Amino acid sequence: MIVVVAGVAALTTLGSVAVGSARVTTSTDVVSVQPAGQTVGVAHPVTVTFAGPIADRAAAERIIDIDIDIDIASPEPSAGTFTWLSDRVVEFTPTTFWPAYSTITVTAGGAKTNFQTGAKVVSVADISAHTFTVSIDGEVAREMPASMGKPKYPTPTGTFTALEKQRRVTFDSRTIGIPLDDPEGYLIKGEYGVRVTWGGVYVHSAPWSVGSQGYANVSHGCINLSPDNAAWYFDTVRLGDPIIVQA
């Protein structure tokens, strides 16, 4: 993982911020830049896929330019991290959130695309307070009772993003190493699933734990909400919206 710091010039009118602006010639083609042509959350990473394995990763990172159309009043990201997901796929994540309601243009080698950000929708799961609070553009939109992971299966803390949305999802304890015949085993048809980690943590509807929501943490690591609250969140959140889990 390499930390990249972008120089930020003072802006007096609409302008752009460049990340990794040094140009490096490479014979490796870029086959995909994502997201492309979508409206996403303000923490959505940029993923660049090359046609073949990359030997000089630092050189490949330097051909990636990110330009952001921003207003003077908007906060601009000044740093980010490159994480290699495989020998040909690199992901750039801004240290701070992208500005809301902006267009981000990504150039990588000969490939160029852009995407837009929507509202700044930030969710905070407070494990000790048993709450899940969603703010939109800095204003609290809804504070919801929640139940997070029990001590044996704690919900991970940190800053995450909404990875995918599944209106209906099957929760199978075997995916986190718990056999179905274990006392902690389960196979549940769930609803309104918003994936937080690829390891199996979701925000989702949990009618079976409504009595504990707001009072106790009883899940196997997921963030449990009532059906009504889970449906509202599912309809509100975009892929790439930040989800902050704090102790």
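The values are calculated or read from the model by the stated rules, or taken from the named source; none is laboratory data. From a predicted model like this one, the values you see are computed outputs, not experimental measurements. Here the Cβ is made from the backbone with ideal geometry for all residues, glycine too, and neighbour counts use every protein chain on show. Protein only, heavy atoms only, side chains kept; ligands, DNA and RNA dropped before computing areas. Shrake-Rupley method; radii C 1.70, N 1.55, O 1.52, S 1.80 Å.
Structure summary
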read-out	value
Length-normalised contact order for the chain - Cα pairs under 8 Å, 6+ apart - percent	19 percent
Additional length obtainable on full extension of the chain from Ser32 to Asp126, 0.36 nm per residue less Cα span	30.2 nm
Unit charges at the beta carbon, dipole of the chain: most positive-side option, Leu187, Ser212, Trp232	Leu187
Å³ per residue enclosed by the Cα convex hull of the chain	135 Å³
Percent carbon-and-sulfur accessible area, segment 30-117, ignoring ligands, DNA and RNA, probe 1.4 Å	51 percent
Computed [θ] at 222 nm, deg cm²/dmol, the chain (DSSP H ≥ 4; -39,500 (n - 2.57); rounded to nearest 500)	-1500 deg cm²/dmol
Under 5 Å, built H, 5+ apart or other chain: amide partners of Glu191	Val169, Ser205
Sequence-distant residues sharing a close amide H with Thr39 (under 5 Å, placed H)	Gln116
Rough spin-label spacing in nm, given labels placed 7 Å along Cα→Cβ, for Thr39 and Thr95	3.0 nm
Estimated distance in nm for a label pair at Arg174 and Thr83, the labels positioned 7 Å out from Cα along Cα-to-Cβ	2.8 nm
Net charge over other residues, Cβ less than 9 angstrom from the Cβ of Phe132 (K, R count +1; D, E count -1)	-1
Rounded to whole Hz, the Karplus (6.51, -1.76, 1.60) HN-Hα couplings of segment 121-127, x for glycine and proline	9, 10, 10, 10, 9, 9, 5
In Hz, Karplus ³J(HN,Hα) per residue of segment 143-152 (6.51, -1.76, 1.60; θ = phi - 60°; x = Gly, Pro)	10, 10, x, 9, 10, 9, x, 5, x, 6
Heavy-atom surface of the chain, accessible at 1.4 Å and reported per residue (Å²)	47 Å²
Pairwise centroid distance, computed over Cα atoms, of segment 100-132 with segment 142-214, Å	23 Å
Crossing angle, helix 227-236 versus the chain [Cα axis fit, 0-90 degrees, rounded to tens]	10 degrees
Net charge, Asn114 excluded, C-beta distance under 10 Å - Lys, Arg +1, Asp, Glu -1	-1
Percent carbon-and-sulfur accessible area, segment 121-245, ignoring ligands, DNA and RNA, probe 1.4 Å	53 percent
